[in-house]
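The values are calculated or read from the model by the stated rules, or taken from the named source; none is laboratory data. As the structure is a prediction and not an experimental result, all values here were calculated from the model. For neighbour counting, all protein chains shown are included, and Cβ atoms are generated from backbone atoms with ideal geometry for every residue, glycine included.
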Amino acid sequence: VKTIKVNLAQNTYEIRIGTGLLEQVGNRLEALGFKEKVVIITNPTVDGLYGQKLKGSLESAGLEVATLIVPDGEEYKSLEEAGKLYEQLGDFQAERNTPILALGGGVIGDLAGFVAATYLRGVPLVQIPTTLLAQVDSSIGGKVAVNHGKLKNNIGTFYQPRLVVADTDTLRTLPEVEFKNGLAEVIKYGIISDKTIFDAVAEKVPEIEWYYIGVARCAAIKADIVEKDEKDLGLRNILNYGHTVGHAIEIASDYSIKHGQGVAIGMVAAAWISREMGILSQNNLVTIRKTIVGAGLPVTLPDLPLEEILQAMQHDKKKVSGHLRFILPKTIGEVVVNDKVEMGLVEKILKGMYE
Ligand code: NAD
Ligand code: GLY
């Protein structure tokens, strides 16, 4: 087991990464002082695969368990589903010290985290990520949110979990397309911070060998960034490399383009903008694009009107004083935050990215 600490004063917690960890969750909760009720929030897919294993571990530790199921899909990361969960928590008589365990990918983590942050003004949250994307990124750092209206993650808060348990065995059942979605965030870590991670993806280190070490290295980068800038006021912005265009594509496609795919296209767009602005070399742009293609991820815009993508971008949370904020690679392993990208340039690049 690899343990990474996220040091945030009284909100400090551990990320535990390794195999066979689902079976140990009951004991970990006991060690954290939880002895009575516990709520699992998950979806039917993940419940079918891992619900019983987790429940068994909790019951062995003497905990009373309720499992609340949300349908599978980004469209259920909504206030409406949160409302249903609040009611079910009430029915179970969940109390201030009843932990919520988010068992699933980033959708479940964000939604269950949002519910944990708001139910009774906050109940303990434990993240149990089961997708590569959630293990390397979304389960760490306390960003919890739902989508509302045409906007993504626009209703939310910062709410740190009490524990993150990333059982890498769960990645073995991940559909290939979801593994690739996770690779998009892994490539992101490579470009923003650590070229050796980028090279490992480029060289196609075998997936299974890579799981344990790769997840831990990405999680450590995120933990370090979150410790330095928990509330996303500066440094943490770099985690949004590829997300300005990526989120806009997700929204404009009504979420038929998934987060990782959007980020992949967005990373190429930002790299291209960076090259045009003289910040990134042509060679590095080509390498970034090639590696993203090699990971089985898209690099061209889907068949959506440019207007809709541009419009979705205008609502971006990363907007500062009316300017869009772009994270631009300087080289592979280093990015800069830039608020001065001309919309004309963004439009020109995106126009050139249709197949
Ligand atoms: P997801 O949660 O939709 O999971 C992808 C699919 O895999 C789902 O169908 C799910 O049921 C299934 N699945 C999950 N675990 C499985 C397993 N072990 N085996 C088989 N199938 C499994 O998608 P995701 O890519 O994990 O997360 C995307 C979401 O995360 C987006 O909503 C995005 O906005 C959010 N996100 C949040 C943060 C953050 O910091 N909070 C960061 C990045 C992304
Ligand atoms: N996924 C972006 C962040 O956690 O800040």
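General observations
- Hits in region 147-196 - residues which are more than 11 Å from ligand 1 (Cβ to nearest atom) and free of Cβ contacts under 8 Å to residues at least 24 places away in the same chain: G149, T196
- Test: residue in region 334-354 that is in a helix (DSSP H, G or I), farther than 14 Å from T244 by Cβ and at pLDDT 95 or above: yes
- Residue match in region 69-86 (condition: touching a helix residue (DSSP H, G or I) at 6+ places or on another chain (Cβ under 8 Å) and away from ligand 1 (no atom under 16 Å from the Cβ)): yes
- Close Cβ contacts (under 7 Å, 6 or more residues apart or on different chains) running from residues in region 3-20 that are over 26 Å from L171 (Cβ atoms) to residues that are acidic (D, E) comprise N7/E227; L8/E227; L8/E230.
- Residue that is nearest to ligand 1 (Cβ to nearest atom), among those in region 224-248 that are of a type in the set (D, E) and touching a residue at least 40 places away in the same chain (Cβ under 8 Å): D232
- Pair list, Cβ under 6 Å, 6 or more apart: region 26-50 residue touching a residue at least 12 places away in the same chain (Cβ under 8 Å), other residue surrounded by fewer than 17 Cβ atoms within 10 Å (Cβ to Cβ) and part of a helix (DSSP H, G or I): G26/S60; L49/T173
- Filtered by the rule that a residue be over 22 Å from R217 (Cβ atoms) and in a loop (DSSP other than H, G, I, E, B), region 1-45 gives L32, G33, F34, K35, E36, N43.
- Qualifying residue in region 134-154 (condition: part of a loop (DSSP other than H, G, I, E, B) and at pLDDT below 95): yes
- Out of G26, G33, sole residue that is closer than 13 Å to V126 by Cβ, crowded, with 21+ Cβ neighbours inside 10 Å and at pLDDT 95 or above: G26
- Residue in region 77-98 that is part of a strand (DSSP E or B) and either aromatic (F, W, Y) or crowded, with 23+ Cβ neighbours inside 10 Å (or both) present: no
- Elements of the type helices (runs of 4 or more DSSP H) sitting completely within region 207-321 and holding at least 2 residues that are modelled with pLDDT of 95 or more and surrounded by fewer than 21 Cβ atoms within 10 Å (Cβ to Cβ): these cover 207-228, 259-276, 282-294, 306-314.
- When restricted to residues that are over 14 Å from the mean Cα position of the chain (by Cα) and either within 11 Å of ligand 2 (Cβ to nearest atom) or not small (G, A, S) (or both), region 212-236 contains 13.
- Residue in region 46-59 that is out of contact with any strand residue (DSSP E or B) (no Cβ under 7 Å at 6 or more places or on another chain), among the basic types (K, R) and not in a strand (DSSP E or B) present: yes
- Search result, residues across region 60-75 that are of a type in the set (S, T, Y) and part of a strand (DSSP E or B): T67
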